[in-house]
Amino acid sequence: TGFITLDTGYKNTGATKSSITFLDGELGVLSYRGYPIEQLAEKASFLEVAYLLIYGELPTADQLSNFSNRITKHTNLHENFKKIFDGFPSNAHPMGVLSSLVSSLTAFYPGAIDPDANAEVLDLTIVRLMAKLPTIAAWSYKNSKGQPLMYPKNNLDYVSNFLYMMFALPNQDYVIDPVVVEALNVLLILHADHEQNCSTSTVRIVGSAHASLYSSVAGGINALWGPLHGGANQAVIEMLEAIKNDGGDVKKYIAKAKDKNDNFRLMGFGHRVYKNFDPRAKIIKKACDSVLAKLGVKDPVLEIAKGLEEAALNDDYFKERKLYPNVDFYSGIIYRALGLRTDLFTVMFALGRLPGWIAQWKEMREDNEPIGRPRQVYIGSNTRDFVPIDKRK
Ligand code: CMC
């Protein structure tokens, strides 16, 4: 079997070659297909960035309208989905609902299961995923509120349609706020890809067994849900609220985070790759101030966040370990200001990360990568004889 290198958590192991996303953790650089994240966040729409990630180049106006029209055509869900929604308890976490329903897309579109399906089938699967994920997310929210499901409105753009399905009610006017659309657009772009992170590696490894794109993305959604990964955005707000309700003493929580006998970690702090700053966090912090100002929202939790950040950045423990605020530290404050419930924050991350998962899965299959199958260093018992049950101690 030869020599096996042990690298738990794959801290230094490259699992693939990729031409999608570049990041430099020391310099705080992030680019998609060569375009700096700062420029994309400022100038592009989320669908443009999705096209860029999936197909490799920024779309022409025709390519973008074609992509967008195809997605719009597929935003509806099969009526039987309503029965599945009905079966979930109203307090089901939307991430569990999301991954289950993405898995169940294989039942409705079994053509995607065939690993030898032609390019047209794969493209339809990509379009269906992009089109249906917002509808699934919005319907799971409506279901949890006991409100009627809102069908997609096809004259709206991607982000506006999502907001409409989430917040509109039948027979009531719903005005879409351009400030909210713009903020969501930026957040989705910032989350759209991040090379071989935990959920993306999951998507690639599930797909490496030639499992369908739907199944692979469902796996990615489950990985993203974890609080060390995308679930951190929900955990950050819960932490900030707990600090506020406990009198707002940030120093006490800094001490807790440093205490090795305490499991508490400063959520939204630290990153496996960024050891200087997270470029996404910089953009989000600025966006956070401007969105709250534009919406006229005063959130006491923002003050706690700023105090906590300042205290941590001046603390030797955090300095020595190069722990800085990551993308999730301020994103939750914006989501709250936009009116999203805390348990939906990670769903928003999933909507943003979807094009990245798709692009990475597609690249892996196009490059004919072998099945992902890490080795191990066995440290268990030597060979021993079977003991009958009545002789066991
Ligand atoms: N609070 C307190 N101590 C921390 C934190 C934190 N948030 N993060 C890392 N450390 C300490 C850790 O205890 C360790 O200390 P020591 O060297 O004394 O044992 C050292 O810093 C290195 O940490 P690590 O856990 O070995 O680093 P990692 O690369 O395995 O973990 C991480 C990276 C992001 C999982 C971790 O920093 C963390 O748990 N952060 C909080 C959760 C979070 O915000 N996750 C979102 C990540 S960004 C978006 C995403 O990926 O979804």
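The values are calculated or read from the model by the stated rules, or taken from the named source; none is laboratory data. Computed from a predicted structure; not experimentally measured. Counting neighbours? That spans all protein chains shown, and the Cβs are built from the backbone with ideal geometry, glycine included. Accessible surface areas use protein heavy atoms only, side chains included; no ligands, DNA or RNA. Shrake-Rupley method; radii C 1.70, N 1.55, O 1.52, S 1.80 Å.
Counting just the Cα atoms, what span does the range 1-74 cover along each of its three principal axes? Round to the nearest Å and put the largest first.
Here the spans come out as 53, 32, 17 Å, largest first.
Would you tally the net charge around ALA232, using a Cβ to Cβ cut-off of less than 10 Å, leaving ALA232 out, and scoring K and R as +1, D and E as -1?
Values: positive: ARG265; negative: ASP328.
Charge balance near ALA232 sits at 0.
Can you pull the Rg over Rh of the range 1-133, Cα-only, Kirkwood? Let's see the in-between values first.
Working: Rg = 19.3 Å, Rh = 18.4 Å.
Taking Rg over the Kirkwood Rh, I get 1.05.
Can you tell me which lysines have their Cα less than 20 Å from the Cα of LYS362? Leave out same-chain residues fewer than eight positions away.
LYS17, LYS132
Suppose R0 equals 41 Å. What FRET efficiency, 1/(1 + (r/R0)^6) with r the Cβ-Cβ distance, do ASP385 and LYS256 give to the nearest 0.05?
0.25
Hey, which of these cross-link pairs are over 27 Å Cα-Cα: LYS252/LYS298; LYS260/LYS285; LYS260/LYS298?
LYS260/LYS285; LYS260/LYS298
Quantify, in whole percent, the carbon and sulfur part of the accessible surface of the range 211-256 (1.4 Å probe; protein heavy atoms only). Kindly include the intermediate steps, with their values, before the conclusion.
Values: 950 of 1750 Å².
Carbon and sulfur together cover 55 percent of it.
When the C-alpha atoms of the range 245-393 are aligned to their principal axes, what extent does each axis show, in angstrom, from largest down?
Cα extents, longest axis first: 71, 46, 33 Å.
Using only helices, what value at 222 nm comes out for the chain when you add -39,500 (n - 2.57) per DSSP H run of length 4 or more and divide by the total residues, to the nearest 500 deg cm²/dmol?
-17500 deg cm²/dmol
Taking each pair of distinct Cα atoms in the chain once, what is the resulting Kirkwood hydrodynamic radius in Å?
Details: mean 1/r = 0.0446 Å⁻¹.
It is 22.4 Å.
Relative contact order for the chain: what is it in percent, counting Cα pairs under 8 Å that are at least 6 residues apart?
On the way: 505 pairs, mean separation 90.8, N = 393.
This gives 23 percent for the chain.
Cα centroid distance between the range 114-144 and the range 161-183, in Å?
Between the Cα centres of the range 114-144 and the range 161-183 lies a distance of 22 Å.
With every protein chain present, what is the per residue accessible area of the range 198-281 (1.4 Å probe, Å²)?
43
Please get the size of the charge dipole for the range 214-280, origin at its Cα centre, with Cβ charges of +1 on Lys and Arg and -1 on Asp and Glu, quoted in debye to the nearest 20.
Here the range 214-280 has a charge dipole of around 300 debye.
If I take every Cα pair under 8 Å that is 6 or more residues apart in the range 276-393, average their sequence separation and divide by the length, what percent do I get for the relative contact order?
Normalised by residue count, the contact order of the range 276-393 is 30 percent.
Mind ordering 159-165, 146-152, 116-122, 382-388 by average Cβ neighbours within 10 Å, highest first?
Most protected by this proxy first, the peptides run 159-165, 146-152, 116-122, 382-388.
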